[in-house]
1. Run down the aspartates and glutamates and flag those whose C-alpha is under 13 Å from the C-alpha of Lys223, throwing out any fewer than 8 positions away in its chain.
2. Starting from 0.36 nm per residue, how many nanometres of slack lie between His19 and Ile162 once their C-alpha separation is accounted for?
3. Let me make sure I get this right: for segment 309-452, a, b and c are the square roots of the gyration tensor eigenvalues over alpha carbons, sorted descending. Under 1.5 in a/c it's rounded, otherwise prolate if a/b > b/c, else oblate. Which is it?
4. Positive end of the dipole of segment 88-154, charges at C-beta (+1 Lys, Arg; -1 Asp, Glu), about the Cα centre: which of Val153, Ile117, Ser133 has its Cα farthest in that direction?
5. I need the shape label for segment 235-303. Rule: rounded when a/c is under 1.5, else prolate if a/b > b/c, else oblate, with a, b, c from the alpha carbon gyration tensor.
6. Calculate the FRET efficiency for Ser370 and Glu349 from the Cβ-Cβ distance with a Förster distance of 45 Å, rounded to the nearest 0.05.
7. How would segment 51-158 be classified by its alpha-carbon gyration tensor: rounded, prolate or oblate, with rounded meaning a/c under 1.5 and the a/b versus b/c comparison settling the rest?
8. Mind giving me the nanometre distance, one decimal, between the label points for Arg97 and Asp212, set 7 Å out from Cα along Cα→Cβ?
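Derivation of every value follows stated rules applied to the coordinates shown; laboratory data play no part. What you are looking at is a predicted structure, and each value in this text was computed from that prediction instead of being measured. Note: ideal-geometry Cβ built from the backbone for every residue, glycine included; neighbour counts use all protein chains shown.
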Amino acid sequence: MEEKKRVSWDNYDLYCIIHYVVKHFWMVVLSALIFVMGIYLAQRLALTPTYSSVVTFSVTSRSSNRQVGNLAASSTVAEQFGELLSSDVVQQAAAKRMGVVSFPAKVKVSAPESTNILNMEVRAATPEAAYKSALAIMECHSEYSKPVFSSVVLDNINGPTIATEASSGSTRNTLLKISAPLGAAVMIFILVMSSMQADTVQTSVGAKHQIDGKLLATIYHEKKRRTLRSRLSGKKTSLLITDPLCSFYYSETIHQLRVILERAHEKEHRQIFVITSCSENEGKSTVAANLALSLAQKHRRVLLVDGDMRKPAQSLIFERQISRDKAFGRFLTEGFTEQSLLAAVEHSETTHLHTIFSASIRRRKMESFSADSFRPIFAALRKHFSYIIIDTPPLGFFADADVMAEAADATILVVRQDLVPAIAVNDAIDTLNESHSEFLGFVLNNVHSFRAIVLPSGSGRYGYGYGYGYGYGYGYGYGHSYGYGYGRSKSKQSSGKSKKKEDENNE
């Protein structure tokens with residue numbers, strides 16, 4: 001499907017940008033250090049230090065021995081005196097007095113405003129050269145300045161001074177001081193631009209622009225550890241709507257998602273729903289578990305199947321011990337009967353939820369499964385359950401979800417905020433659209449937003465903690481495993497008569 005191209009500020013969230021910068025803050029520190037070292041080396045290698053020796057003269061009238069206080073006169077004298085001292089004649093005379101071939105310094109004369117003071121600054125490569133050059137000029141300038149300045153007298157009142165540090169030292173230090181902030185600012189700008197160019201889904205509005213599918217629900221981030229005791233213990237727990245500490249807004253979002261499944265069940269007789277994602281750690285397993293719990297609160301025949309036989313998570317979420325004899329993968333590899341399949345179903349009297357957990361099986365066995373491997377099991381489960389929620393591995397890593405979607409009735413894709421590029425999400429949706437099952441839409445999960453934080457309590461400050469809640473990762477390499485050409489046989493399992501019978505049983 002052709003990508004939707006639309007650039008809008010609504011596609012970006014400030015929290016995601018700041019989180020990206022903080023996540024890569026080591027690059028900011030590294031950039032600051034590189035700038036400091038680069039400028040330091042450039043100063044050492046490219047810039048030659050200079051040292052200054054300063055001599056101060058007073059300008060007085062030759063006739064009355066009174067100071068020349070006129071600003072214009074002082075400026076004129078300073079300009080003429082500077083030209084005189086910079087002339088080749090004076091500098092050659094000073095060089096001869098120093099015993100060198102050429103004058104080793106540069107001379108600059110300035111006059112402070114509203115004074116009769118002239119400052120002569122002599123710059124050279126070393127403090128000794130600057131001092132000797134200033135001293136030589138003082139000793140020989142009078143014989144050249146008297147004919148020029150017939151009406152004024154230049155009296156030395158201070159200097160020459162001996163430089164203790166380079167004249168450019170303050171400038172060099174200033175450059176070093178601003179180099180670190182400058183390097184950090186450059187890297188922050190690069191990171192901000194990288195975050196914006198990543199084309200990940202950051203907002204609900206952006207999801208509608210970027211993703212070729214229907215947005216079913218937006219689940220905001222919610223802290224798992226709400227009590228001080230849980231924070232101190234450090235124990236990782238799953239986030240379920242049956243937890244009394246779970247927020248009302250998170251539960252209501254799950255219930256709204258449940259209504260969508262109920263509508264698909266009632267109008268189109270959908271029973272088997274596959275919950276998948278593009279990548280790991282997008283929260284699909286927790287969304288599947290909570291969706292099944294929400295359905296079980298209203299309907300008595302709801303089954304949750306852990307179809308992720310590569311990295312099972314549902315037994316961890318519900319804190320259950322799984323027996324190999326009751327694992328879902330066993331019925332695929334060793335065969336089953338309807339009685340043995342129902343015997344593997346566990347039922348909770350508290351939540352009224354039926355579950356079939358799974359255990360890890362070998363990769364080679366998983367690769368041999370096709371849609372026909374799942375259809376007989378799903379057909380047997382249809383007879384006994386109105387709603388069947390199947391948690392699958394990530395679609396972007398393996399073809400398992402695509403295979404199970406081929407045998408299911410409908411699919412839902414879980415998309416975590418600011419994780420997977422929109423183009424990868426759209427590729428996954430294209431894959432699901434090509435399967436036998438109906439793609440209902442996607443859920444934007446684990447949404448952090450400053451927009452939600454600034455809203456009043458009860459209007460958006462709710463959310464969802466992503467992942468399984470146990471710190472387990474898949475460890476898969478990122479990639480796409482699409483392109484499996486399984487056959488499609490579009491046959492509806494439900495009829496109007498069976499649907500009516502199911503409704504009576506539910507009641």
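1. Within the straight-line limit of under 13 Å, Lys223 reaches these aspartates and glutamates: Asp243.
2. Stretched out fully, the His19 to Ile162 stretch lengthens by 46.1 nm.
3. prolate
4. Farthest along the dipole direction, towards plus: Ser133.
5. Verdict is oblate for segment 235-303.
6. For R0 = 45 Å, the calculated efficiency reads 0.75.
7. Prolate is the answer for segment 51-158, as a/c is 1.5 or above and a/b outweighs b/c.
8. According to this spin-label approximation, the distance is 8.7 nm.
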